[in-house]
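To keep things clear, I will list the structure first and then write my remarks on it.
Only the coordinates and a few stated rules stand behind these numbers; no lab work does. The shown structure was predicted, so the numbers you read here are calculated from the model rather than taken from an experiment. Every residue, glycine among them, receives a Cβ derived from its backbone with ideal geometry; neighbour counts consider all protein chains shown.
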Amino acid sequence: MPDLSALIQRWQGGDERAAEAIYHHHREATFRLAYGLLGNAADAEEAAQDALTYALIHINHFDPGRATFPTWLHTIAVSRCRDRQRRRWLPTFSLTQWLQRGQDAPDPAPSLERQAIQGETHSEVWQAVQNLSPQLREAILLRYWADHTYQEMAAILDCPLRTAQSRVRLAYDKLRAVLASAELNHFEEERAQ
């Protein structure tokens, strides 16, 4: 992908191909974030589309001095997901569904026993994540699935830096309380890979 700031400048100048390039480059990450927050592919697709459309239509509101474009876009996406959550009860889904969407590459040749253990662990971890409060779930997903820094998280969540850090710590502590330490260690090993 060409330089993002150059694409943004070209789109601000009316180059529709630049807008398409921005859209296609950020579509998957925006969908993944929305899917993680909403747990429903159709709702996530709508929220991601809405966030990307809003960002492209309002590109003149983007201020590179305040945030990176992905941070600004994810702020919009989180807001759209919160709106959707307010309108309905958030169902849970298994990590297996998440992984089947291509969010994580499977081991090259895991044994059947290893697959069963991983599937059970993923399901338990994902269920525990889904049972977190919305604020803690957003924090843990932004940190570990969207790979945002705490500074970016603070901008996306519109909270102080220490609040973003605290939410991740609280989410981690709640997950630790729910999951056996072996399962949490397995979760940390997978995130490190």
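General observations
- Here the simple spin-label model places points 7 Å from the Cα toward Cβ, and for Arg66 and Glu28 these points are separated by 3.0 nm.
- Applying 1/(1 + (r/R0)^6) with r as the Cβ-Cβ distance of Ser5 and Asp147 and R0 = 25 angstrom yields a FRET efficiency of 0.75.
- Rg and Dmax of the range 4-87, based on Cα coordinates, read 12.6, 38 Å.
- A straight chain from Glu20 to Ser166 at 0.36 nm per residue would run longer than the Cα-Cα distance by 48.8 nm.
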